[in-house]
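Below: one structure, written as structure tokens.
The values are calculated or read from the model by the stated rules, or taken from the named source; none is laboratory data. On a predicted model such as this, the values are computed, not experimentally measured, just so you know. Virtual Cβ from ideal backbone geometry, glycine too; neighbours counted across all protein chains shown.
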Amino acid sequence: MASNLATPGVYVEEKSSFGTSVVPVSTAVPAFVGYTQKAARGTKSLINKPTRISNFGEYVELFGGAPNTLFTITPPAKKTKPKAEGDGPAANAPSADTGSDNYTLEMDSATRYLMYDSIRLYFVNGGSDCYIVSVGNFESKVSAKDLNDIAVGGGIASLEKYTEPTILVVPEATLLSESDCYSIQATMLQHCGYKMKNRFAILDVYGGDAERTFDNEDVVTKFREGVGANYLSWGAAYYPSLNTTIVGSSEIDFTRIKNAKGLIDVLNAEVDDNLAADNISAARAQGIKAEIAKIATTTDSDLVKSLQSTLSVISPKLNSILIDIADELNTLPPSPAMAGLYCMVDSSVNVAKSPANLSLGSVISPAVNINNENQEDLNLPLNGKAVNAIRSFAGKGTLVWGARTLEGNSKDYRYISVRRTMTFIEQSIKFAAESYVFSPNNATTWSSLRATVYNFLNNQWSSGILVGSTPQDAFDIQIGLGSTMTSTDILDGVLKMTIKVAIVRPAEFIVITFEQQQQKS
């Protein structure tokens, strides 16, 4: 009714025909925390400021390019002639036969960062919008303090003010010391399950490129002990690391070797071997060594490309070294690929679909081969801390072959899809219910809120997220005085609503029984 009818005329009143609705929240918006080449939008710093991006080009624009990860090469030890009885001191001098088949490559850990390649792996595997939290540039040393700086609200702590991210990924935790890695991963679980309760952590097994030993030094056993026992349903772990193709051969040249003299020695040894085997002439050997010597003085990018092109033709050993470097750079933790897979599954199906039995893009193979027997302890350990296996199957490629959270002994939240679906429902209804704050705590409000939630849950049941032959089998909503509230609750301004849902669970074990029947005709 119009509030003032003092003046004669026609008054129009509009009434809402439809109630409010629940807007489904996003389910796959990862937040990556780590180190970037830069972090700026124009002149504005983005350090420790969660920034949303939509594609890899936007990442490069705001956070820069790839790190220049360096290696040290150690030539093979020179062979010595055995000392004969009565020989003088010179008998143990190095022989001319140095050999060139062996060398040692060691990565300079101070130049190793994973964020750039992780984001590439994420988008290749179906990733879409995500948040980037840069905690420092490539001049910083990877540290647990930077990745979660509570004092200044940096790293993981900076995400506490943001409600949109639903997945947390910190691949560079694997670059820390073992104890610091576990500390960061325990913090990730606490952040997701205690502080925010609206996101899910994807964890990597420390040393995930190592074979299992099933003793005190076993990488999976140490991970299970190190990650703690709190908020396990809010995270999932994956093993092993991945052999990828993210870093292309065009991105690697001889400048990746920080000790030019060591590289020159290795390549010159190759030339000497070819000369001794009469594969090349002395003049040819001298010419090749002259080209190799340029490695120590060539720094201009165009000259580097030219020299690299020349050396790749005349030195198979250099090509072998660069392949070894590429293999190391392309060994990446699986969490970024899994984050992309979560996004792809959620967008193409829904959050109730398990992110498993799917192939990974730009992945050649898992770093460790796992068979059925090996996976038994990963999937069904006594302590319940399941670690999801990534396996290679003939004719299928590299598949994710596990769908469990770290709380494998829980009937409620054993599966990733169940945990994430419940979080999705909770957060969607939570945001919708905020519009009823300060509304009268009476039957009218109760009825309206119940109808709002009913419509949302009915839509989820229709889309297959909830299980049941009818909506009544799929969910139940209770609200009202004498049902969920007492008169004291109403006097205290407390509105309580109880919702029960039947969430779809994955068919993890499919058992098919066969038996023979008698001939009928």
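Figures for the structure shown
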{"item": "Long-range neighbours under 9 Å by Cβ, at least six apart or interchain, first residue closer than 30 Å to residue 458 by Cα and in the same structural domain as residue 379 (by TED's automatic domain parsing) within the stretch 494-521, second among the β-branched types (Val, Ile, Thr) and surrounded by fewer than 14 Cβ atoms within 10 Å (Cβ to Cβ)", "result": "none"}
{"item": "Verdict on residue 378 being touching a helix residue (DSSP H, G or I) at 6+ places or on another chain (Cβ under 7 Å), outside the structural domain of residue 124 (by TED's automatic domain parsing), over 19 Å from residue 344 (Cβ atoms) and modelled with pLDDT of 95 or more", "result": "no"}
{"item": "Test: residue 323 is at pLDDT 95 or above and surrounded by fewer than 21 Cβ atoms within 10 Å (Cβ to Cβ)", "result": "yes"}
{"item": "Residue ranges of helices (runs of 4 or more DSSP H) in the stretch 212-318 with at least 1 members touching a residue at least 40 places away in the same chain (Cβ under 8 Å), aliphatic (A, V, I, L, M) and under 30 Å from residue 195 (Cβ atoms)", "result": "219-226"}
{"item": "Positions within the stretch 212-226 being within 20 Å of the chain's Cα centre (by Cα) and not hydrophobic (A, V, I, L, M, F, W, C), in sequence order", "result": "222, 224, 226"}
{"item": "Residue in the stretch 102-112 that is modelled with pLDDT of 75 or more, more than 25 Å from residue 146 (Cα to Cα), more than 30 Å from the chain's Cα centre (by Cα) and not polar (S, T, N, Q) present", "result": "yes"}
{"item": "Flag if residue 266 is within 27 Å of residue 324 (Cβ to Cβ), touching a Ser or Thr at 6+ places or on another chain (Cβ under 8 Å) and hydrophobic (A, V, I, L, M, F, W, C)", "result": "yes"}
{"item": "When residues of the stretch 151-180 are limited to those that are small (Gly, Ala, Ser) and buried (at least 24 other Cβ atoms within 10 Å of the Cβ), the one farthest from residue 220 (Cα to Cα)", "result": "155"}
{"item": "Options 385, 353; residue that is assigned by TED's automatic domain parsing to the domain that holds residue 128, touching a Leu at 6+ places or on another chain (Cβ under 7 Å), among the charged types (D, E, K, R) and not in a helix (DSSP H, G or I)", "result": "385"}
{"item": "Selection count, the stretch 421-473, where residues are of a type in the set (Phe, Trp, Tyr) and closer than 24 Å to residue 29 by Cβ", "result": "3"}
{"item": "Residue 495 being assigned to a loop (DSSP other than H, G, I, E, B), under 37 Å from the mean Cα position of the chain (by Cα) and either aromatic (Phe, Trp, Tyr) or surrounded by 14 or more Cβ atoms within 10 Å (Cβ to Cβ) (or both)", "result": "no"}
{"item": "Given (1) crowded, with 23+ Cβ neighbours inside 10 Å; (2) in the same structural domain as residue 339 (by TED's automatic domain parsing), number of the condition residue 229 does not satisfy", "result": "(1)"}
{"item": "Only listed residue being without any contact (Cβ under 8 Å) to a residue 24 or more places away in the chain and hydrophobic (A, V, I, L, M, F, W, C), chosen from 151, 144, 110", "result": "151"}
{"item": "Scope the stretch 410-468; condition outside any helix (DSSP H, G or I) and basic (Lys, Arg); matching residues", "result": "411, 414"}
{"item": "Selected residue (criterion: nearest to the chain's Cα centre (by Cα)) from residues of the stretch 448-472 that are among the polar types (S, T, N, Q) and within 22 Å of residue 489 (Cβ to Cβ)", "result": "452"}
{"item": "All positions within the stretch 124-158 that are in a loop (DSSP other than H, G, I, E, B) and of a type outside the set (Gly, Ala, Ser)", "result": "125, 129, 135, 137, 138, 139, 141, 142, 150, 152"}
{"item": "Unique match (being modelled with pLDDT of 95 or more, outside the structural domain of residue 234 (by TED's automatic domain parsing) and closer than 26 Å to residue 167 by Cα) among 392, 410, 417", "result": "417"}
{"item": "Filter result for residue 144 (small (Gly, Ala, Ser), in contact with a helix residue (DSSP H, G or I) (Cβ under 6 Å, 6 or more places away or on another chain) and surrounded by fewer than 21 Cβ atoms within 10 Å (Cβ to Cβ))", "result": "yes"}
{"item": "Per-region count, the stretch 181-208, residues surrounded by 24 or more Cβ atoms within 10 Å (Cβ to Cβ) and of a type in the set (Lys, Arg)", "result": "1"}
{"item": "Members of the stretch 425-447 that are within 23 Å of residue 504 (Cβ to Cβ) and more than 38 Å from the chain's Cα centre (by Cα)", "result": "none"}
